[in-house]
Amino acid sequence: MLNVVDKPLIQHAVEEAIASGITELIFVTGRNKRSIEDHFDKSYELEAELITKNKTALLDIVRQVKPSHVNCVYVRQPEALGLGDAVHCAKNLIGDDAFAVLLADDLLDSDPPVLSQMMAVHQHYQSSVVAVQAIQPEQSTSYGVISGKAFDERLTKMSGVVEKPSPSSAPSNLGVVGRYIFTPAIFKHIQTVQPDADGEFQLTDAIQSLLQEQLVLAYQYEGVRYDCGMKLDYLKASVDIALAHPELQDEFKAYLANRQKLIP
């Protein structure tokens, strides 16, 4: 729920999904995260007040938080047992359909949206797709790092993925980021993985297992990623998005230019 300019991170992720054609959204939440449900709930009182006061511009903004054709469902993860467990919590709601996973702390800015790019790959090859980006060797301890062979433009046919390897043992310079498309086969592989030393079920272990059964493609997306779990990236995202904001960009650009003159 941390805001980037005028929208919380979760809203940026939802808008990416909707712009990619997604209309069914499943939020996997935990204790003390009721604010997410409240954010996407319809505010009858506020809308009625805006209608009465003829504030149509504000009314449009409120209604754009969750368009009427989009359905939101919420499921609890009882314990924080890792990303693999969180994905598995949605199994009964997803059924036998392919589905996307978006981690909202990764804000991806692109046109077309990164998820839309990945959906095109999935529809063409009918495979699971994992978003990756080139990383520096010293960053490998913060990523799942893939191995594989070139498959097509921006695509690698994955042969393995290692969670947070040391720079000396990283199999490539391609790190996994928070966008995935899976076939429903991933669920049975999540069920077979063993917990790590922290008792968590890692999604990367399930992907490694899925590789033995199906084609999984790593896609180097077009766009800019901000890891908003990191303070510097969060600040960069706030500045870049403000500079592109139609209501703020001119004044904010002038402010930054003036501010730069004051920095010794």
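The values are calculated or read from the model by the stated rules, or taken from the named source; none is laboratory data. This is a predicted model, so every value here is computed, not measured. A quick note on method: Cβ atoms are made from the backbone with ideal geometry, for glycine too, and the neighbour counts reach across all protein chains shown.
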(request) Could you tell me whether Gly144 is crowded, with 18+ Cβ neighbours inside 10 Å and in contact with a helix residue (DSSP H, G or I) (Cβ under 9 Å, 6 or more places away or on another chain)? (result) yes
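Quick one: in the stretch 151-173, which of the residues that are in a strand (DSSP E or B) and over 20 Å from Val193 (Cα atoms) is modelled with the lowest pLDDT?
Here is the first cut: in the stretch 151-173, the ones in a strand (DSSP E or B) are 151-152, 155-163.
Checking the rest, the ones that are also over 20 Å from Val193 (Cα atoms) come to 151-152, 155-157.
Values: Phe151: 93, Asp152: 90, Leu155: 97, Thr156: 97, Lys157: 97.
Result: Asp152.
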(message) Looking only at the stretch 10-25, count every residue that is closer than 16 Å to Tyr180 by Cβ and assigned to a loop (DSSP other than H, G, I, E, B) and tell me the total.
(response) 2
(request) Give the number of residues within the stretch 179-210 that are assigned to a loop (DSSP other than H, G, I, E, B), β-branched (Val, Ile, Thr) and touching a strand residue (DSSP E or B) at 6+ places or on another chain (Cβ under 7 Å). (result) 1
(message) What's the number of the only condition in (1) of a type outside the set (Gly, Ala, Ser); (2) surrounded by fewer than 20 Cβ atoms within 10 Å (Cβ to Cβ); (3) in contact (Cβ under 8 Å) with a residue 40 or more places away in the chain; (4) in a strand (DSSP E or B) that Val176 fails to meet?
(response) (2)
(request) Output the residues belonging to the stretch 216-234 that are surrounded by 13 or more Cβ atoms within 10 Å (Cβ to Cβ) and either among the small types (Gly, Ala, Ser) or farther than 16 Å from Ala104 by Cα (or both). (result) Val216, Leu217, Ala218, Tyr219, Gln220, Tyr221, Gly223, Gly229
(message) What's the number of the only condition in (1) in contact (Cβ under 8 Å) with a residue 60 or more places away in the chain; (2) among the small types (Gly, Ala, Ser); (3) touching a helix residue (DSSP H, G or I) at 6+ places or on another chain (Cβ under 6 Å) that Gly199 fails to meet?
(response) (3)
(request) Out of the residues in the stretch 24-48 that are surrounded by 11 or more Cβ atoms within 10 Å (Cβ to Cβ), at pLDDT 70 or above and acidic (Asp, Glu), state the one that is nearest to Glu247 (Cα to Cα). (result) Asp41
(request) Could you grab me the full set of residues in the stretch 91-119 that are modelled with pLDDT of 95 or more, among the hydrophobic types (A, V, I, L, M, F, W, C), part of a loop (DSSP other than H, G, I, E, B) and within 25 Å of Val4 (Cβ to Cβ)? (result) Leu103
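Given the criterion crowded, with 18+ Cβ neighbours inside 10 Å and more than 14 Å from Asp105 (Cβ to Cβ), identify the matching residue among Ala17, Ala13.
On the way: Ala13 fails: more than 14 Å from Asp105 (Cβ to Cβ).
It is Ala17.
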(request) Starting from residues that are touching a His at 6+ places or on another chain (Cβ under 9 Å) and among the charged types (D, E, K, R), keep the ones in the stretch 197-215 and report whichever is nearest to Leu107 (Cα to Cα). (result) Asp205
(request) For residues that are touching a residue at least 60 places away in the same chain (Cβ under 8 Å) and part of a helix (DSSP H, G or I), tally how many sit in the stretch 234-264. (result) 6
